[in-house]
Amino acid sequence: MSKKAKTVTLILSSLILAAIAAGGYWLLQETKPQTCEICQRHIHEHSRAVLLLGKERVAVCCVRCGITHNVQAGKPGELVEVTEYLSNKPMKPEAAVYVEGSRVSLCDAHEGAMMDQTKRPFNLVFDRCEPSTYAFAKREDAQAFVRKNGGKLLSWEELRKEAELKP
């Protein structure tokens, strides 16, 4: 085999290996569960929202987590997308009807209690993902959800105002 043929074979082999590695990395990224960058919880398909952090769009676990973060950061209302609870389709926050405080809570509780210096567990007094808040495209669907699971209906403006009032 000539030197030129060996060089071509080496280059092609390297390109094939690089393509396999890139494909494996992509597959790993697509199949691993998404985690909320704010609270580190699993992002559930029915409650996912997208938050604007600086100029970057970041997926968060739920509407409430995004709103709470924005209020704490002094930038209320920077959610740019919410997920419709029934269809899992993205929609604009202002177009949705929200159900707050139902018995359904998709955000998993954090595992393991935090301990103080005396090894006693802290009592949970704040959870940025509570009360649970879900988006619906149709008011009738939200009302049916409330009849079955409790909670109250809110518009986008009502939800934002309420979140701004909470400490």
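Just so it is clear, none of the values below were taken in a lab; they were calculated from the coordinates. Quick caveat: nothing in here was measured; it's all calculated off a predicted structure. Cβ atoms come from the backbone with ideal geometry, glycine included; neighbour counts cover every protein chain shown.
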For the stretch 8-103, state which trypsin sites (Lys or Arg not before Pro) are in a DSSP loop and have at most 16 other beta carbons lying within 10 Å of their beta carbon.
-> 55, 103
Taking other Cβ within 10 Å of each residue's Cβ, how do 98, 134 sort, fewest first?
-> 98, 134
Stretched out fully, how many nm does the piece from residue 87 to residue 104 gain, at 0.36 nm a residue minus the Cα gap?
-> 4.5 nm
Using 0.36 nm per residue of separation minus the Cα-Cα distance, give me the extension gain between residue 25 and residue 45 in nm, one decimal.
-> 5.0 nm
Would you please give the residues with an amide H less than 5 Å from that of residue 38, counting only those at least 5 places away or on a separate chain, with H modeled from the backbone geometry?
-> 61
Net length gained if the chain between residue 153 and residue 95 were fully extended (0.36 nm per residue, minus Cα distance) = 19.5 nm
